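Structure first, then comments.
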Amino acid sequence: MKVKDQPILEAIQQAVAKRRYGRKKVIAKVIKLHPQMGKSKIRRVYVQHGFSLPSKPTKRLRSRVPNPLSIPLERNKSWHIDFMSDALVSGRKIRTFNVIDAFNRQCIGIEIGFSMPSVQVTRILDQWIEIYGKPDSIRSDNGPEFISKHFTKWLHSKSITWEPIQPGHPQENGFVERFNETYRQEILDPNILRDLKHCREITQEWVREYNEERPHESLGDKTPMEYAA
């Protein structure tokens, strides 16, 4: 590097600092701070030293620290949540919002609707918290409902820790993934879903049987309710 370029380089570094500035903004800032420096020289040093603005990181795909599954020792330590999709016989798409307690794999609830924005998600969670108590943490993927400002503010207001899994690593939410598979095999796939009312009715009965009557090998062949007793 030319010795005469050193002051320009230092000025660019000062302008960039920790901000995400593009070339035009950096040049303008350097000129504002150092009017004696020419625009063409600043541009040449900027390009030579690779100060091009990197691509903006995609929020949903940012790298996360691995978040392996662990089994809590009591209820309401960690709720695991996820969405599923299916369709009514009419062809209209539906979504299900599934929540389980990682301690005893109890199904806290399954909400079914045509859409499930974050405002509705938190309203449903508030209802279930009134019944079952508040979890210390919630584990989910990085879906738009869970990375929204509304959901983030709601978590903060409830003092609930969010445990996001790594993008592309559904095994980190394996308890609810296994639950989803069972629900699909036993309810969504074999039934002709006439309407929301029908879907909710057969789901409600299935959840009751799942929690109160079905033995789970992972729980020592106890039901979720027996295991938690």
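Only the coordinates and a few stated rules stand behind these numbers; no lab work does. Since the structure is predicted, the reported quantities are computational estimates derived from the model, not experimental observations. Cβ coordinates were reconstructed from backbone atoms using ideal geometry, including for glycine residues, and neighbour counts include every protein chain displayed.
Some observations on this one:
- Sites matching chymotrypsin sites (Phe, Trp or Tyr not before Pro) across the range 74-172 that sit in DSSP coil, with at most 15 neighbouring C-beta atoms within 10 Å: F114
- The chain - mean residue ellipticity at 222 nm from DSSP helices (-39,500 (n - 2.57) per run, n ≥ 4, rounded to 500): -12000 deg cm²/dmol
- Highest-fluctuation residue, Q166, Q204, Q36 considered, GNM on the chain with Cα pairs under 10 Å: Q36
- The alpha-carbon of K222 sits under 18 angstrom from the alpha-carbons of these aspartates and glutamates, leaving out residues fewer than 8 places away in its chain: E74, D101, E209, E212, E213.
- Whole-number percent relative contact order across the range 78-228, with pairs defined as alpha carbons under 8 Å at least 6 apart: 25 percent
- Stokes-Einstein, applied to the Kirkwood radius of the range 78-228 over Cα pairs at a viscosity of 1.002 mPa s and 20 °C, places its translational diffusion at 134 µm² s⁻¹.
- The range 161-224: GluC sites (Glu not before Pro) falling in loop per DSSP and having at most 12 other Cβ within 10 Å: E213
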